[in-house]
Each structure stands twice: as C-alpha cells, then as structure tokens.
Amino acid sequence: MVMEKVDAQEKVNEYELTVILRPELSEEKLTTAIENVKKFITGKGGVISDTKSWGKRRLAYPIKHSAEGNYILFKFTMKPNQNRELETNLRISEEVLRHLLVKLD
C-alpha cells in the first residue's frame, strides 16, 4: 500500500500547453512572458521537450478587447499535482489572454 503511494507521487504526465498572449506586447515582453512560463515549469520539476511560437494570429472572437493574439505551444512533462498552480499563475498573468492545458496519453 505504501509503495503505491510513492509511485503515484513519482509519476509524471506529458502535457501540451497552448498560451495566447496579448498582441500588443513588444518582442522583449513577449520573450520575457515565454521565459516566465518555462521557468515556472522547470522550477516545479517539469521538463520542457518543445516550445513553438505560432506568431500573431486572428482570434475567432474578441478576448479582453483583443482581436489577435500571440500563440505559443509548450510540450512538457510534469507531476500532476503541479497543474493547479501553473493554471492559477497563467490565469492571473496580465500578458495571458487564454490558455489551454491538455494531458497527452
């Protein structure tokens, strides 16, 4: 029984995180925002395998008075118990319009 508990704590899941950042951010602030997400993930023991910038794209509908957004895709592994804190940080971030965290199989 104790062994199962240890295995559950050591388990890491693979995730895909899409973040839409404000379109008016300068290159410097955009880079800083991306680095902040990376630092949070790696600071919590996560390992980032890929980061892709899709650039500025038109949104399907306005979000916080913005018609465009900078799309960033992160692929990483992290312990499941860190998700809530990551999503809370993204939710309160001024630079982030929307985010979507998906657990991959």
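When the Cα atoms of the chain are aligned to their principal axes, the ranges along those axes come out at 52, 26, 23 Å in descending order.
Taking 19 Å as the cut-off, the amide N atoms of the stretch 11-40 that come nearer than this to a point 7 Å along the Cα-to-beta-carbon line of residue 65 belong to 21-26. Among the protein heavy atoms of the stretch 34-105, carbon and sulfur supply 48% of the accessible surface, probe 1.4 Å, non-protein parts ignored.
Candidates 104, 54, 40 compared by Cα position along the dipole of the chain: farthest toward the positive end lies 54, with charges placed on Cβ. Heavy atoms of the protein chains alone define the surface here; on that basis the chain has 68 Å² accessible area per residue at 1.4 Å probe size. Mean residue ellipticity, 222 nm, helices only, the chain: the sum of -39500 (n - 2.57) across DSSP H runs of n ≥ 4, divided by residue count and rounded to 500, is -10500 deg cm²/dmol.
For the chain, the number of Lys pairs separated by eight or more positions or lying on different chains, with C-alpha atoms closer than 17 Å, is 22.
Extension gain for the segment residue 42 to residue 56, taken as residue separation times 0.36 nm less the Cα-Cα distance, is 2.5 nm to one decimal.
The values are calculated or read from the model by the stated rules, or taken from the named source; none is laboratory data. Bear in mind the structure is a predicted one, so any value in this text is a computation, not a measurement. Neighbour counts are summed over all protein chains in view; Cβ atoms, including those assigned to glycine, are modelled from backbone coordinates with ideal geometry. Quick note on the areas: whole protein, heavy atoms, side chains included, nothing else; ligands and nucleic acids left out. Shrake-Rupley method; radii C 1.70, N 1.55, O 1.52, S 1.80 Å.
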